[in-house]
Amino acid sequence: MTRVALATCAQMPDLQDDDALLLEPLRERGIDATPVPWDDAEADWASFDLVVLRSTWDYARRRDEFLAWARHVPSLANPAELVEWNTDKTYLRELAAAGVPVVPTTWVDPGEAVALPADGEYVVKPAVGAGSLDTGRYRLDESAHRELAAAHVERLTAQGRTVMLQPYLAAVDEAGETAVLYLGGRFSHAIRKGPMLDGPDQGSGELFRPEQIDARNPSSAELDLARRTLDALPADGADLLYARVDMIPGADGAPVVLEVELTEPSLFLDHDAAAPARFADAVAARVSESARLP
Ligand SMILES: Nc1ncnc2c1ncn2[C@@H]1O[C@H](COP(=O)(O)OP(=O)(O)O)[C@@H](O)[C@H]1O
Ligand SMILES: [Mg+2]
């Protein structure tokens with residue numbers, strides 16, 4: 001029987017609920033899938049025909065360790081080089097240089113000072129981060145918020161992290177964020193995520209902030225932007241086992257890319273009845289392809 005590991009994290013040993021929807025369709029395709037925490041010292045990664053990254057959400061503070069692990073897994077999807085590229089949001093600069101509209105971003109490296117704009121609403125977040133953690137929203141014309149924003153930037157840079165300062169795209173409050181999902185290189189489905197930020201970063205002991213998710217029909221502008229984003233990746237989009245492009249309407253109402261998720265995205269398999277079977281097909285195809293390789 002073909003064996004596939006679904007890489008998760010120690011805090012979530014049984015996968016998140018929607019990923020568990022994969023187990024039965026995989027079994028029907030002759031694949032025995034096992035959730036395994038990525039940092040499980042006992043795991044024998046070489047014994048799996050394929051290791052699929054799923055809810056490895058605790059890597060943000062241990063990225064070097066995570067990338068070292070990814071590089072030594074014999075058969076990882078998505079591949080380690082792409083995981084390295086994708087786990088640091090400075091890739092947004094490359095997408096922008098390739099002509100993809102992205103959220104306007106000021107980057108602050110450790111040791112650099114930041115000049116906060118005089119007013120307007122801004123987001124402070126780390127370049128390496130996940131789950132909306134360490135992320136806050138500040139009204140810079142209010143002195144209390146300005147101080148909190150400056151302290152937030154300092155807290156992150158003192159941890160050696162690069163900081164992103166972005167205008168708060170207020171359209172997210174009504175329109176939400178659109179995530180376009182690709183499985184096996186093809187469009188699968190899309191969801192709407194409600195706004196996530198209500199103010200300054202409070203810190204959180206959780207793995208991720210709770211989200212409001214609904215199924216959504218993406219607009220043609222969103223589908224077009226998602227496709228252009230895949231075309232600008234340092235990989236062939238058709239080769240990706242999974243990909244997610246997240247966007248929010250920008251200042252002029254046209255969508256801009258917030259992030260592209262090639263590492264451990266929630267795939268929202270519970271929001272499209274056919275998505276679990278589609279993903280299981282993509283995994284089965286990937287396993288049989290690698291079996292044919294010399
Ligand atoms: N510039 C922004 N404008 C509005 N909302 C934002 C902005 N940046 C982040 N957010 C909100 O914060 C959430 C997390 O930010 P994101 O860049 O997606 O990082 P991650 O999901 O990797 O933690 C988003 O889902 C969105 O709701
Ligand atoms: Mg996100």
What accessible area per residue, rounded to a whole number of Å², is obtained for the chain using a probe radius of 1.4 Å? 44 Å²
Please report the antiparallel percentage of the DSSP beta bridges confined to the chain, to the nearest 5. 70 percent
Karplus (6.51, -1.76, 1.60) ³J(HN,Hα), θ = phi - 60°, over segment 238-247, in Hz, Gly and Pro reported as x: 5, 8, 7, 5, 8, 7, 9, 10, 9, 9
Give the carbon-plus-sulfur fraction of the accessible surface of segment 18-60 in %, rounded to a whole number; probe 1.4 Å, heavy atoms of protein chains only. 47 percent
For a protection proxy built on the mean count of beta-carbon atoms within 10 angstrom, sort 35-45, 280-290 highest first, please. 280-290, 35-45
State the Cα centre-to-centre distance between segment 1-43 and segment 215-294 in whole Å. 20 Å
Quick one: 3J(HN,Hα) in Hz for segment 121-130, Karplus 6.51/-1.76/1.60 with θ = phi - 60°, rounded, Gly and Pro as x. 9, 10, 10, 10, 7, x, 5, 10, x, 7
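In percent, how large is the relative contact order of the chain, given Cα pairs closer than 8 Å and 6 or more residues apart? Let's see the in-between values first.
Details: 557 pairs, mean separation 59.4, N = 294.
Relative CO of the chain lands at 20 percent.
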Go through 233-242, 131-140 and give me the packing order, highest mean Cβ count within 10 Å leading. 131-140, 233-242
Give me P(r) over the chain, computed from all C-alpha to C-alpha distances, binned every 5 Å, as integer percentages. 1, 5, 12, 16, 18, 17, 13, 9, 5, 2, 1, 0, 0
Taking a virtual spin label 7 Å from the Cα of Arg61 along the C-beta vector, which residues in segment 202-238 bring their backbone nitrogen under 11 Å of it? 204-207
With the Cα gyration tensor of segment 195-285 giving a ≥ b ≥ c as the square roots of its eigenvalues, does the rule (a/c under 1.5 for rounded; else a/b larger than b/c for prolate; else oblate) give rounded, prolate or oblate? oblate
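Peptides 3-15, 259-271, 208-220: what's the order by average Cβ count within 10 Å, highest mean first? The partial results should precede the final answer.
Details: 3-15: 18.2, 259-271: 23.1, 208-220: 13.8.
Taking the mean over residues of other Cβ atoms within 10 Å, the ranking is 259-271, 3-15, 208-220.
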For segment 32-183, the Cα-Cα pair-distance distribution in 10 Å bins from 0, as whole percents, is 9, 32, 31, 19, 7, 1
Which cross-chain or sequence-distant (5 or more) residues have an amide H under 5 Å from the amide H of Ser188, H modelled 1.01 Å from N in plane? Leu181, Tyr182, Leu183
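Can you tell me how segment 106-167 classifies by the Cα gyration tensor, rounded, prolate or oblate, using a/c under 1.5 as the rounded cut?
Taking the square roots of the gyration eigenvalues as a ≥ b ≥ c, segment 106-167 is prolate.
The values are calculated or read from the model by the stated rules, or taken from the named source; none is laboratory data. Bear in mind that the values here come from a model prediction, so they are computed numbers and not experimental data. Reconstructed Cβ throughout: ideal geometry from the backbone, glycine too, with neighbour counts over all protein chains shown. Accessible surface areas use protein heavy atoms only, side chains included; no ligands, DNA or RNA. Shrake-Rupley method; radii C 1.70, N 1.55, O 1.52, S 1.80 Å.
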